[in-house]
Amino acid sequence: DIVMTQTPLSSPVTLGQPASISCRSTQSLVHSDGNTYLSWLQQRPGQPPRLLIYQISNRFPGVPDRFSGSGAGTDFTLKISRVEAEDVGVYYCMQTALTTRTFGQGTKLEIK
Amino acid sequence: EVQLLESGGGLVQPGGSLRLSCAASGFTFSNYVMNWVRQAPGKGLEWVSTIGTAGSTYYADSVKGRFTISRDNSKNTLYLQMNSLRAEDTAVYYCAKDVVGVLAPDYWGQGTLVTVSS
């Protein structure tokens with residue numbers, strides 16, 4: 001199975017400042033169809049997860065443009081350009097390149 | 001509006017069985033890949049199982065041989081039959097649908113809690 005490793009596991013950020021979360025996979029997430037199946041999800045306290053980004057960098061409809069994704073192969077990054085109070089929660093990367101899917105451990109974003 | 005409503009959770013003894021259901025509405029259920037994902041108390045997300053539109057099924061190693069995912073397109077319902085339950089299966093179980101052709105779960109239910117304890 002592919003193991004997904006996120007860093008940091010906790011990220012205290014000042015409102016209005018940027019935040020960045022990294023995700024590394026133990027093998028390439030490039031599918032045989034040429035697409036890279038790496039997604040980012042947000043889970044606010046007490047809520048189910050919410051899809052933010054799919055296929056590395058595609059923002060899901062309704063997701064603010066302060067969220068962006070980048071990367072390739074085995075290394076990926078989620079960036080929030082200016083953190084807002086509503087961004088507090090846990091962020092997960094997820095690979096769906098293989099039929100057995102895996103999540104990263106999660107990164108807790110909190111306000112300083 | 002897309003809605004996914006899980007049911008069937010509860011308290012079960014180790015070694016017991018439980019069947020979860022996920023009633024879907026607001027989209028053409030048969031056209032979508034569906035998933036079960038769980039979250040143990042205070043822990044992260046763990047993928048459990050996926051079923052394709054043609055019925056192909058995939059499982060995490062931790063549940064393979066014990067859990068069975070299925071779907072009834074005539075009832076717009078996803079199922080998870082859980083047998084030989086263990087304490088470590090205690091979690092909130094979410095169903096989620098994939099975005100078509102994208103292999104990413106976009107809509108999630110609110111979850112149903114399964115507690116395995118004697």
Based on alpha-carbon centroids, what's the gap between segment A:58-94 and segment B:1-53 in Å, whole number please? 25
Partner lysines for residue B:43 [C-alpha distance under 17 Å; skip if fewer than 8 residues away on the same chain]: A:108
Per DSSP, loop GluC sites (Glu not before Pro) in segment B:1-58 with at most 13 further Cβ within 10 Å: B:1
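Working with all protein chains in place, sort A:9, B:78 by solvent-accessible area computed with a 1.4 Å probe, largest first.
I get A:9, B:78, largest accessible area first.
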Distance (nanometres) between label positions extended 7 Å along Cα→Cβ at residue A:98 and residue B:70: 2.8
Chain A, dipole about Cα centre (Lys/Arg Cβ +1, Asp/Glu Cβ -1), debye to the nearest 20: 160
For the protein assembly as shown, the Cα-Cα pair-distance distribution in 10 Å bins from 0, as whole percents, is 8, 33, 36, 19, 4, 0
Expressed in nanometres to one decimal, the distance between label points 7 Å along Cα→Cβ at residue B:54 and residue B:118 is 4.6
Put B:71, B:19 in order of accessible area, largest first, 1.4 Å probe: what do you get? B:19, B:71
Dipole magnitude (debye, nearest 20) for the protein assembly as shown, charges at Cβ of Lys, Arg, Asp, Glu: 180
Could you tell me the largest-minus-smallest coordinate of the C-alpha atoms of chain B on each of the three principal axes, in descending order and whole angstroms? 40, 26, 25
Working note, chain A: Cα radius of gyration (Å, one decimal) and Dmax (Å, whole number) are 13.3, 43
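The values are calculated or read from the model by the stated rules, or taken from the named source; none is laboratory data. Given the structure is predicted, the values throughout are model-derived calculations rather than measurements. Virtual Cβ from ideal backbone geometry, glycine too; neighbours counted across all protein chains shown. With ligands, DNA and RNA removed, areas are computed over all heavy atoms of the protein, side chains included. Shrake-Rupley method; radii C 1.70, N 1.55, O 1.52, S 1.80 Å.
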